[in-house]
Amino acid sequence: MKKKRAPQPYWVKFLRNLAAAFLLLAIVWNVLDISLTTTAEFRRLERQSLSPPSEIAAAVPTGDPFAPKVLIGLGQGWAVAGAPYPLSSTLSDLNIYPLSDGPALIPLPQTVARPDNAGHPQFHAAYAALRPPPDASRAVLTLHNEDRDFMAEGIREGAVFLFYARPDHDSAGRVSIGRSWFQPELFTYELAFFDENGAAIPYRKGAVS
């Protein structure tokens with residue numbers, strides 16, 4: 001005769017059901033991409049900073065499940081880059097950049113994960129070239145900071161070009177992306193734009209104030 005198993009304690013069932021509920025929530029959260037929550041938090045950050053609502057120009061995936069996107073907004077004479085953290089408003093981040101005329105470059109407020117050749121995520125500093133020439137089909141960034149000079153090829157994303165760069169490994173095999181990658185007063189840059197035929201497009205360089 002088959003021996004009956006003793007019933008599981010109530011707390012075991014409770015924990016199992018709780019784990020299943022969290023798993024289901026994670027799946028739904030991922031499917032919905034929490035876009036509405038992310039956008040709402042971005043708008044809250046704008047209101048908190050007394051910045052008028054901007055036109056969202058790009059949404060950049062970060063690889064961080066808790067702050068999954070950096071939103072880039074453009075206004076008349078300014079830009080904003082925000083990393084909404086929907087689960088905790090105190091961890092959200094928003095930077096405002098006054099802009100002069102013409103194309104300009106802004107840093108995103110947090111690192112962004114990008115896959116390497118083997119598909120492993122590697123964290124990069126990310127930048128957005130705003131207001132590129134209308135006929136630009138290619139963009140190249142040359143970045144100068146305390147680490148060294150870096151060159152990155154632009155990736156078109158909506159109304160902006162995105163660039164990703166990271167320093168080399170140090171002697172201990174670590175990669176450290178310090179303040180000079182994120183604060184405009186600590187780096188300089190050159191932007192080059194090209195049309196579909198590969199010809200350079202002259203422009204009057206804008207700047208982050």
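The values are calculated or read from the model by the stated rules, or taken from the named source; none is laboratory data. Keep in mind that this is a model prediction, so the values were computed, not measured. Here Cβ is always computed from backbone atoms with ideal geometry, including for glycine, and neighbour counts include all displayed protein chains. In case anyone asks, the SASA skips ligands and DNA or RNA and just uses the protein heavy atoms, side chains included. Shrake-Rupley method; radii C 1.70, N 1.55, O 1.52, S 1.80 Å.
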Turns out the strands (runs of 3 or more DSSP E) fully within region 72-173 with at least 3 residues that are surrounded by fewer than 19 Cβ atoms within 10 Å (Cβ to Cβ) are 93-98, 112-115, 121-130, 138-144, 149-153, 155-157
Going by what's in this entry, would Leu36 be described as at pLDDT below 85, open to solvent by 50 Å² or more (accessible area, probe 1.4 Å), over 23 Å from Asn145 (Cβ atoms) and not in a helix (DSSP H, G or I)?
no
Taking region 183-207 on its own, how many of its residues are open to solvent by 60 Å² or more (accessible area, probe 1.4 Å), in contact (Cβ under 8 Å) with a residue 24 or more places away in the chain and part of a loop (DSSP other than H, G, I, E, B)?
4
Does Ser180 fit the bill of being of a type in the set (S, T, N, Q) and in a loop (DSSP other than H, G, I, E, B)?
no
Filtering region 132-172 down to residues that are closer than 26 Å to Leu74 by Cα and of a type in the set (Lys, Arg) yields Arg138, Arg156, Arg166
Restricting the first residue to region 38-51 and requiring it to be under 14 Å from Val70 (Cβ atoms), which pairs with a second residue that is among the aromatic types (Phe, Trp, Tyr) meet a Cβ separation below 8 Å and a spacing of at least six or different chains?
Glu41/Tyr85
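Specify the residue that is nearest to Tyr189 (Cα to Cα); the eligible residues are those in region 103-118 that are of a type in the set (A, V, I, L, M, F, W, C) and in contact with a strand residue (DSSP E or B) (Cβ under 6 Å, 6 or more places away or on another chain).
Within region 103-118, the subset of a type in the set (A, V, I, L, M, F, W, C) is 104-106, 108, 112-113, 118.
Keeping just the survivors that are in contact with a strand residue (DSSP E or B) (Cβ under 6 Å, 6 or more places away or on another chain) gives 104-106, 108, 112-113.
On the way: Ala104: 10, Leu105: 8, Ile106: 10, Leu108: 15, Val112: 20, Ala113: 22 Å.
Ranking the qualifying residues of region 103-118, first place goes to Leu105.
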